[in-house]
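S.K.: Before we start, here is the structure in question, set down as structure tokens.
Only the coordinates and a few stated rules stand behind these numbers; no lab work does. All values reported here derive from a predicted model rather than from experimental measurement. Note: ideal-geometry Cβ built from the backbone for every residue, glycine included; neighbour counts use all protein chains shown.
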Amino acid sequence: MSADRRVLVLNGPNLARLGYWNGDTKSLRKFLIEQQIDPECPAAVALLGYRGDVVAWAKRWNITPRTDWLHDGEIRGMPAGMLVYPFIEAGRVTNLAGRGLGKKRHYNLPVELVGDRPFYFNHVWTPQAKRVVIVEGQADAITLAQLGIAQRLIPDKSGLLPGVPTKADGG
């Protein structure tokens, strides 16, 4: 089966805590304000986007603006119509990634706004896992979790983790 025809089937409860982003920035902005989160903070802008004086905004948050932000006069947020994968560590969401439904689209939060993308662990992974399978994408990780297999996704797709033995090392 080709990569663009993969199907993610969720059986039972949403243990992976997947979400869907419909693009309703007005409701998200309202929710952030209710939670006392500044909707212009970098993490919120990574989702909502920002239109206005990008240079002044970047200066306020001590961020070096990307060339495309300056050229476009905006920071684009997460596009609508995305399946949202939460990166969860110790019960806390540390990052999000969006994958398009229908046509192939990807959205990773800009590192300039939220820092480097962390490892993605499926919901059956624990530090005590005796076996870990390294895969490319979040959908692969969730599929393995449905089979009870712990998984770890490497953000740079290098296939190597420091300290993890490879077949060449006898691992």
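S.K.: Suppose a student asked you for the relative contact order of the stretch 8-119, using Cα pairs under 8 Å spaced at least 6 residues apart; what percent would you report?
M.R.: In percent, rounded to a whole number, it is 27.
S.K.: With unit charges on the beta carbon (Lys/Arg positive, Asp/Glu negative), name the residue among 125, 78, 55 whose Cα is farthest towards the positive pole of the charge dipole of the stretch 36-140.
M.R.: The one lying farthest along the dipole's positive direction is 125.
S.K.: Treat each spin label as a single point 7 Å out from the Cα along the C-beta direction, and report the residue 112 to residue 71 distance in nm.
M.R.: 1.2
S.K.: Is the shape of the stretch 21-81 rounded, prolate or oblate, going by the alpha carbon gyration tensor and its root eigenvalues a ≥ b ≥ c, with a/c under 1.5 for rounded and a/b larger than b/c for prolate?
M.R.: In terms of gyration-tensor shape, oblate.
S.K.: Now for a separate question. Under a point-charge model restricted to the Cβ atoms of Lys and Arg (+1) and Asp and Glu (-1), what is the dipole moment magnitude of the stretch 59-132 relative to its Cα centre, in debye to the nearest 20?
M.R.: In debye, rounded to 20, the stretch 59-132 gives about 280.
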